[in-house]
1. Using a/c under 1.5 as the rounded threshold, could you call the range 350-403 rounded, prolate or oblate? The axes a ≥ b ≥ c are square roots of the C-alpha gyration tensor eigenvalues, and prolate needs a/b larger than b/c, oblate otherwise.
2. Quick check on the range 153-199: take the gyration tensor over C-alpha atoms, sort the square-rooted eigenvalues as a ≥ b ≥ c, and tell me if it's rounded (a/c under 1.5), prolate or oblate.
3. Taking 0.36 nm per residue of sequence separation and subtracting the Cα-Cα distance, how much length would be gained by fully extending the chain between Y378 and K245, in nm to one decimal?
4. What is the distance in Å between the Cα centroid of the range 173-240 and that of the range 100-150?
5. Considering the dipole of the range 154-283 built from charges on the beta carbon (Lys and Arg +1, Asp and Glu -1) around the Cα centre, which of T194, V229, N267 is farthest to its positive end?
6. Near V221, within a Cβ-to-Cβ distance under 12 Å, what is the net charge of the other residues, with Lys and Arg +1 and Asp and Glu -1?
7. Can you divide the C-alpha Rg of the range 126-275 by 2.2 N^0.38 Å and report the result to two decimal places?
8. Would you kindly calculate the mean projected area, averaged across all directions, of the convex hull enclosing the Cα atoms of the range 269-373, in square nanometres?
Amino acid sequence: MEMAKKETEELSKSKAKRQERQKEIARERKQKLIGKMIGIIIAVVIIGTLGGAIGFQIYKAAIRTTSGTDFSACLTDEGMIKNVDVASTVTLADYENLVVPMSEVAATEDEVNSDIQSTLDSHEELKEDSSLVIKDGDTVNIDYVGSIDGVEFEGGNSNGEGYDLEIGSGSFIDNFEEQLIGHKPGEELTVTATFPDDYSSTDLAGKEADFAVSIHGIYVVPELTDEFVQENFSDVASTADEYRKSIEDKYYNQHLEEYLHNYIIDNSTISSYPKDYVKNLKSITKYNDEYTLQYYNQMFAQYGMDTYENVWDTRDGIDDEIAYEHELTDRAKEMAAQALIYQAIYEKAGLSVDFEALTAEMTEDYGEEYVTGMKENYGQGYMIQAEIQEVVMDYLVANANVQ
């Protein structure tokens, strides 16, 4: 009995060991399977990531616009967009029955006065008349030599070259400009002023200096008189009133053209865009953007500033190439829409452009070399297309009903 009992116990232990071993084998298999599954998942993720990255690069390459300068590529020699029937593509705004409110296009008094004042300012002259008196706001021409305790300091001498100073501008240290008020051309005086404590030059900061000043003259802005007009704008007008009227007419025409342009663009519809033409416009636009990038970077480099890295950095609100390409398409479509609408009006109104007469006029105004350069750089088609828009606008202005 004892032996049988002992044998039974040994069998139970052996069985338990086998069962435990089977459990360990099962656990090992499970761990191996889990590891294998994790490995597969990681591999899939890596492949997916690489595939996505590669696919993304392929996508960007596929939509990337190549810049170009063939302005006439998709235009006929008559300035028309190739392979487009604008009559069926464009639904034009009803410009023929348009009534333009005078209040929307009339010149404003402020812009006319501002224009005239700007013209008068550009004709200011340096007057040496000793009867003139310097007042606040005047611009004077002076020479000066600065010294401290009788010793001339560096940078305090105009070297007889004459310096234009606007009184009250704060260009010079405090109380310098004010001491010139009331004096006249031809006078020489000593101006005493103190450099501020935080002045850039520590050698001068907080110190009192004397300036020997020679007043050469005062810049005087002319008034709008008949004499001024006859002397400077005889090809435009003979009196001040006529000149003012010419400025009013200039702004009236500008406003009217802007109003008409916005009206036909905003109220016409395009059913479809010519793909090749839009693609070429994108190419040209990207070239212009790259030129702008180069210009900015040259300017930034001169001033030690950080330069732009990508062409889309020059565009507000555009952060990457894909967004740039979408925005490039939008701009190209806007330009295409304008060209289509103007061409549709051009054809509907039966207008025409005489290229020989156009180039002859351009040659007379700008010279033969300029016209040759235009033909080489832009091509006849583009040159005529640009003129078509001028001809159409002239037609719209001539037939505008302004009330």
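1. Numbers: a/c = 2.93, a/b = 2.22, b/c = 1.32.
Since a/c reaches 1.5 and a/b is larger than b/c, the shape of the range 350-403 is classed as prolate.
2. Working: a/c = 1.71, a/b = 1.25, b/c = 1.37.
Here the range 153-199 falls in the oblate category.
3. Working: separation 133, 0.36 × 133 = 47.88 nm, distance 3.75 nm.
Net length gain for the segment: 44.1 nm.
4. Distance between centres, Cα-based: 12 Å.
5. N267
6. Details: positive: K127; negative: D121, E124, E125, D138, E223.
That works out to -4.
7. Compared with the compact-globule rule of thumb, the range 126-275 sits at 1.75.
8. Result: 10.3 nm².
Read the figures in this text as sums done on the coordinates, not as results from a lab. Remember, it's a predicted structure, so these values are computed and weren't measured experimentally. Neighbour counts run over all protein chains shown; Cβ positions are idealised from the backbone, glycine included.
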